[in-house]
Structure formats: C-alpha cells, structure tokens
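Read the structure below first, then the notes.
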Number of protein chains: 2
Amino acid sequence: MGYTPREERKARLAEAVWEIVLEQGISAVSVRTVAARAGVAVGSLRHLFPTQSELLEFSAELMVERATERVSALVPGADPVEYVLAVISELLPLTPETRREFELNMALIAETPGNPGLARARDDAHARLLDLFIRLAGFLRGEEPSGEGPRHDGRRLLALCDGLGLHLLHQPADADTGWAVVLIREELDRIRGAERVR
Amino acid sequence: MGYTPREERKARLAEAVWEIVLEQGISAVSVRTVAARAGVAVGSLRHLFPTQSELLEFSAELMVERATERVSALVPGADPVEYVLAVISELLPLTPETRREFELNMALIAETPGNPGLARARDDAHARLLDLFIRLAGFLRGEEPSGEGPRHDGRRLLALCDGLGLHLLHQPADADTGWAVVLIREELDRIRGAERVR
DNA sequence: TTGAGGCTAGCACGAGTGTACTAGGATGGC
DNA sequence: GCCATCCTAGTACACTCGTGCTAGCCTCAA
C-alpha cells in the first residue's frame with residue numbers, strides 16, 4: 001500500500017540478498033550476485049544502494065519491518081494464551097517463510113563485526129523484540145508491562161523462543177515442529193498462572 | 001599434552017580464523033587474511049589445509065573440542081544444581097573467552113549454506129549438546145536420561161541457554177550477566193523439584 | 001656427509017570483488 | 001513539443017580471491 005516504485009525496487013533487491021544468503025551463505029553476497037539474482041544491472045543496484053553496506057542494512061531493516069507488520073496484524077481474541085501463541089508463531093521458524101527469516105537473522109548477526117550499521121539494526125530489532133515480549137508477559141499476567149514480573153517473564157520467554165528457534169533450524173525444514181509449540185504453550189500457561197507476588 | 005607440532009600449527013591457524021571472524025565478520029576470512037594474521041605464508045597454510053573448507057571445518061571442530069574439554073574437566077560435587085550451573089557457565093557467553101566462542105559459533109552457523117562440511121560439524125555439535133543437557137536434566141531429576149522427563153526438560157533447558165546466550169551477545173561484553181545466571185538457576189531448581197510423573 | 005621429506009615462501013593465473021564513471025533510455029511536468 | 005530528472009546498462013580500474021606450482025629451506029635419520 002502506497003509504496004513508491006523506488007521502494008519496490010529496493011525491496012526486490014533486498015529479497016535477492018535474502019535468497020543468496022540462504023542458499024550460499026553471507027559470504028556469497030556481492031553487488032554482482034545480488035544484481036544478477038534480481039535481474040538488474042550492477043549500475044542500477046548502485047543507483048539505489050551506493051555502497052554494499054547500505055544494501056545489507058536495508059535488507060535487514062526490511063526483514064524486521066515485514067515481521068513487525070505480520071505481528072501487528074494480529075488482534076487479541078478471547079483467549080490471551082492463544083493470542084500470544086499466535087504472535088510467537090509468527091516469529092519462530094515454523095513455516096518455510098519464517099524459517100527463512102530466522103536463518104537470515106542469524107546470518108546478519110554473524111556479519112555485524114564487519115558492519116557497524118548492521119550491528120545497529122540488530123540491536124534495534126532485539127530491543128523491540130524484548131519490549132514486545134515484556135508486553136506479552138504483562139498481558140498474560142494481567143499486569144502493567146512496567147513491573148518486575150512481566151520484565152522477568154518476558155526475558156525468559158524471549159530467551160526460550162530464540163533458543164527454540166535455533167533448535168528448529170537444526171532440524172530439516174519439513175520435520176515436525178509440534179514439540180516446540182508444546183514447550184511454548186507450557187511456558188505461556190506457566191506465566192499466566194504465576195503468582196502475582198515474587 | 002601430546003600434540004604434534006603439526007597439530008599445534010593447525011590450531012594456531014584456526015585461532016587466526018576465530019580472530020578474523022570476531023573482528024571483521026565471516027566474510028573477511030580468506031586464506032590470505034588468515035595466513036597474515038597467523039604470521040605464515042599462504043603456501044604454508046595451504047600445506048596444512050589444502051582447501052579453504054578444510055580450514056573452516058577444522059576451526060569449527062577445534063572450538064567444539066576445546067569446549068568439550070572444559071566441560072569434561074568439571075566433576076560433580078555435593079550440590080547437583082551447582083555442578084550443572086558450572087557446566088552451563090562454561091557454555092554461555094559469560095566471560096570474554098566463552099563469548100568469543102559463542103559468537104564464533106553463530107558466525108559458522110550462518111555460513112553453513114555455502115559449506116556442507118560446516119553444516120555437518122554444526123549438527124554434530126548440536127546433537128552432542130542436546131545429549132549433554134538431557135543427561136544434566138536426568139542428573140538433576142535423579143532419573144535415567146533415557147526417560148521422557150529428562151528429554152523434555154533437557155530440551156527446554158538447552159533452548160533457554162541458547163536463547164540467553166543470544167541475548168548476552170546483544171549487550172556489551174563488560175555488562176552485567178548476573179540476570180542470566182539467575183534465570184538459569186531458577187530453571188535448574190524447577191527441574192530438580194519437578195514431579196516425577198508427567 | 002649425505003639425502004629425503006616435511007615445510008616455507010612466493011609467484012602466476014584466472015576469476016571475482018567494490019566502486020567510479022559515462023552514455024543513453026524512459027518518464028513525467030510544463 | 002521540450003527538457004530536466006530519474007534510472008539503466010555497461011565499461012574500466014585497482015584490488016582481492018582461491019588455487020596451482022616451483023624453488024629452496026630446514027631437520028633428522030642413515
């Protein structure tokens with residue numbers, strides 16, 4: 001909705017970056033491979049992204065933006081646990097699409113030492129994610145997210161999810177993922193039933 | 001103890017790989033940068049590692065080996081929780097050394113699409129880690145590791161640790177890490193106190 | 001002392017890299 | 001119509017890449 005042609009072209013390049021990272025590793029990303037993958041000339045790519053760093057950073061930010069949009073599209077229903085589970089399901093590598101996203105995230109994290117801009121994007125994404133999970137924990141507990149309880153539970157929930165995400169990456173893309181969802185649901189029930197005093 | 005000169009030289013090259021990955025990202029790893037870092041000629045490096053893949057795989061395997069040695073050196077004491085916590089502390093990025101190791105692990109995972117040998121090393125390391133955590137959970141529960149309880153708890157414990165590791169990476173190397181240890185300890189107490197029937 | 005083999009150093013090659021630059025095509029406002 | 005602007009396509013440069021190769025060093029057994 002309302003994207004300029006320029007933004008759409010940039011998004012297409014960013015998607016080419018994603019594909020190459022996932023298929024050949026981050027070391028295979030170059031202006032030429034990306035341009036060829038997107039079907040444009042190197043000069044065109046460089047018109048949109050003067051340097052390689054900008055291309056990588058844009059790719060990372062677009063990924064975060066897409067994920068944020070998906071999560072924002074969800075609305076709480078009658079059951080709080082189901083809502084939170086739906087949110088988390090959008091962020092875990094359960095489907096081929098989210099799996100791509102998670103793998104990409106790992107790869108970009110790995111490249112941060114050589115690219116300060118990527119480190120910034122990574123830290124920003126993590127801060128937003130932590131904030132989201134603390135709010136989710138507060139929602140489950142029926143408390144304000146500013147309290148110590150939601151903060152504690154949100155942190156642990158996020159750690160559990162990130163760790164499970166890593167594990168899911170270690171199994172084939174078409175393998176069963178139900179066990180991970182079971183673990184998450186248990187954790188959500190636990191947060192919901194936690195005593196209000198710590 | 002008992003390392004051949006050849007193995008020591010290979011280890012030195014592998015350490016140069018680590019340093020470059022951590023300082024400049026995995027994309028900066030090349031036979032030339034690694035050789036220069038280790039203070040040897042490219043030809044010497046290639047005598048030890050005919051291909052670049054072998055160099056990367058050896059670096060990954062050496063990292064796993066070093067970690068395994070550290071963990072194996074620990075012996076259970078009077079308090080099971082303290083022992084398990086000590087083991088986990090060796091694997092989480094709590095100190096500069098283990099932080100390096102964790103970061104390196106992430107970077108190598110990110111490069112697996114372009115290097116099947118790395119993928120094998122990664123899957124092997126993960127399998128051994130999962131096995132270790134299931135045994136730790138069994139140890140805490142006082143059960144055989146083959147049961148469903150230790151399997152379930154071990155999986156969750158490993159996920160929590162991996163996720164916490166990721167989070168620790170997102171904060172400065174010299175920031176406080178106590179909160180992560182607190183979360184782990186709570187989880188260990190919880191496993192130890194879990195009912196034996198599920 | 002001699003000689004063999006592990007090892008080092010360095011060059012050469014073709015391919016791939018990021019970036020700079022220019023010439024021309026498309027497009028949209030006037 | 002015109003023309004400015006955005007954009008594309010392609011070339012060129014200096015550099016790095018992985019790898020193959022050779023000539024010589026060092027070390028140690030015979």
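Spatially, the stretch B:64-79 and the stretch A:153-189 are offset by 27 Å when compared through their Cα centroids.
For the residues B:Ser44, B:Ser146, A:Ser59, what sequence is obtained by ranking on other C-beta atoms within 10 Å, fewest first? Mind dumping the intermediate values first?
Values: B:Ser44 14, B:Ser146 10, A:Ser59 25.
Arranged by neighbour count, lowest to highest, B:Ser44, B:Ser146, A:Ser59 become B:Ser146, B:Ser44, A:Ser59.
What separates the A:Glu148 label point from its copies, with the point 7 Å along Cα to Cβ, is 3.8 nm, written shortest first. Calculated mean residue ellipticity, 222 nm, the protein assembly as shown: -25000 deg cm²/dmol, from DSSP H runs (n ≥ 4) at -39500 (n - 2.57) each, averaged per residue and rounded to 500. Exposure proxy for B:Glu15, A:Glu97, B:Glu187: other Cβ atoms within 10 Å of each Cβ, ordered fewest to most, give A:Glu97, B:Glu15, B:Glu187. How tilted is helix A:96-111 with respect to the longest principal axis of chain A? Cα atoms for both, answer in degrees (0 to 90, nearest 10). The answer is roughly 70 degrees.
Only the coordinates and a few stated rules stand behind these numbers; no lab work does. All values derive from a computational prediction rather than experimental measurement. Positions of Cβ are backbone-derived with ideal geometry, glycine not excepted, and every protein chain shown enters the neighbour counts.
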